[in-house]
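J.: Please see the structure below; I have some questions.
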Amino acid sequence: MKYTYIIAEGGVAHEGSYTNALGLLNIASAAKADAFKLQWAKEGTMGANRVLPYLTYAKMEAIGVETGKRGLDFICTPHDPWALEHLEEMQVCKAYKVGSGDWPMLEAVLTTDKRTYISTGMHTRHEIEVMICTYDTYDTVFMHCVSEYPTKPENAQLEMILHMQEMTSRPIGYSDHTVGIHIPLAAVAYAEASVIEKHITLEKNIPGKQDTFVAADCEEFCALVRHINHFKDAIIPVEDRPLTGGERLTQAWVKKRLDHAQQQK
């Protein structure tokens with residue numbers, strides 16, 4: 001089984017607070033995720049329902065540095081050219097993410113020569129095929145995504161991961177917007193997704209803040225990472241069918257029972 005790279009998506013759940021951003025990083029770090037991710041845009045940028053929470057330049061740079069100190073990769077989604085320019089100045093991002101609604105940013109992000117994760121929500125199969133063919137030679141990871149908050153399980157469309165894998169030798173991931181952790185786990189078990197991105201939050205189900213309805217809290221996110229690691233452990237290739245230590249103990253018990261039965265005859 002391929003290694004599954006796990007991204008803890010803090011998004012804008014920090015609500016403009018560096019303390020909250022550290023709290024989100026604590027979740028990613030406690031779970032032993034591979035990366036911690038935030039979103040950034042020029043102050044005053046409108047989101048779906050409100051002005052997006054904003055971290056200052058200094059706070060964004062500080063959280064990027066702190067992420068590296070914790071041993072995690074720092075990833076950011078720049079929603080506009082201003083954010084990309086300033087993130088490049090900081091030199092704290094290991095990679096970038098281009099959100100489903102930010103495809104016009106793709107060319108600019110690719111000029112940084114950093115790995116670029118590309119979400120495919122709100123795009124048809126044909127549009128995704130064209131995008132993969134166009135940017136297959138770049139250091140890209142296409143992320144199957146359904147931009148519905150929350151995404152119903154029957155709308156998760158995990159088969160698209162398999163279809164995208166057939167089109168490229170590059171990694172294909174899954175950016176999850178479902179409630180709970182069972183669908184991203186299915187993406188790993190069913191489609192061997194190379195990357196899993198899951199929103200994390202300090203507080204769930206806050207009216208008007210759509211990401212909090214699909215995000216995992218610390219307990220859930222730790223369980224997600226732990227279960228993915230269990231999947232990987234469970235299918236380690238074996239040359240032969242070696243007996244486990246526990247099986248040898250059971251084998252000895254069974255032999256003892258059979259010997260005892262034989263003696264009773």
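The values are calculated or read from the model by the stated rules, or taken from the named source; none is laboratory data. This is a predicted model, so every value here is computed, not measured. Backbone-built Cβ (ideal geometry, glycine too); neighbour counts: all protein chains shown. In case anyone asks, the SASA skips ligands and DNA or RNA and just uses the protein heavy atoms, side chains included. Shrake-Rupley method; radii C 1.70, N 1.55, O 1.52, S 1.80 Å.
J.: How many of the residues in region 29-53 are without any contact (Cβ under 8 Å) to a residue 40 or more places away in the chain and either under 22 Å from the mean Cα position of the chain (by Cα) or part of a strand (DSSP E or B) (or both)?
T.: Counting residues in region 29-53 that are without any contact (Cβ under 8 Å) to a residue 40 or more places away in the chain and either under 22 Å from the mean Cα position of the chain (by Cα) or part of a strand (DSSP E or B) (or both) gives 6.
J.: Let me ask something else about it. For region 104-121, which positions are in a helix (DSSP H, G or I) and over 17 Å from residue 137 (Cα atoms)?
T.: Matches in region 104-121: 104, 105.
J.: Let me ask something else. The conditions are (1) of a type in the set (Lys, Arg); (2) farther than 21 Å from residue 223 by Cβ; (3) in contact (Cβ under 8 Å) with a residue 12 or more places away in the chain, and residue 69 fails exactly one of them. Which is it?
T.: (3)
J.: Tally the residues that are open to solvent by less than 70 Å² (accessible area, probe 1.4 Å) and not in a helix (DSSP H, G or I), restricting the search to region 222-246.
T.: 1
J.: Among the residues of region 134-185, how many are in contact (Cβ under 8 Å) with a residue 24 or more places away in the chain and in a loop (DSSP other than H, G, I, E, B)?
T.: 20
J.: For residue 91, work out the one condition from (1) among the polar types (S, T, N, Q); (2) surrounded by fewer than 18 Cβ atoms within 10 Å (Cβ to Cβ); (3) under 16 Å from residue 15 (Cα atoms) it doesn't fulfil.
T.: That leaves (3) as the condition not met.
J.: Within region 1-24, how many residues are assigned to a strand (DSSP E or B) and not β-branched (Val, Ile, Thr)?
T.: Qualifying residue count for the region: 5.
J.: Hey, another quick one. Residues 209, 204, 114: which one is modelled with pLDDT under 95, surrounded by 14 or more Cβ atoms within 10 Å (Cβ to Cβ) and among the charged types (D, E, K, R)?
T.: Only one candidate passes the filter, namely 209.
J.: Would you say residue 76 is touching a helix residue (DSSP H, G or I) at 6+ places or on another chain (Cβ under 8 Å), at pLDDT 95 or above and either assigned to a strand (DSSP E or B) or at positive phi (or both)?
T.: yes
J.: Looking only at region 205-221, decide whether some residue is assigned to a helix (DSSP H, G or I) and of a type in the set (Val, Ile, Thr).
T.: yes
J.: Could you please find all residues in region 46-74 being among the hydrophobic types (A, V, I, L, M, F, W, C) and open to solvent by 60 Å² or more (accessible area, probe 1.4 Å)?
T.: 46, 48, 51, 58, 65
J.: Residue 97 versus (1) open to solvent by 30 Å² or more (accessible area, probe 1.4 Å); (2) within 22 Å of residue 47 (Cβ to Cβ); (3) charged (D, E, K, R): which is the lone unmet condition?
T.: Single failed check for residue 97: (1).
J.: Criterion first (part of a helix (DSSP H, G or I), open to solvent by less than 30 Å² (accessible area, probe 1.4 Å), aliphatic (A, V, I, L, M) and in contact with a Phe, Trp or Tyr (Cβ under 8 Å, 6 or more places away or on another chain)) does residue 188 satisfy it?
T.: yes
J.: Quick check on my filter: what residues within region 23-66 are closer than 19 Å to residue 221 by Cα and touching an Asp or Glu at 6+ places or on another chain (Cβ under 7 Å)?
T.: Answer for region 23-66, where residues must be closer than 19 Å to residue 221 by Cα and touching an Asp or Glu at 6+ places or on another chain (Cβ under 7 Å): 25, 34, 35, 37.
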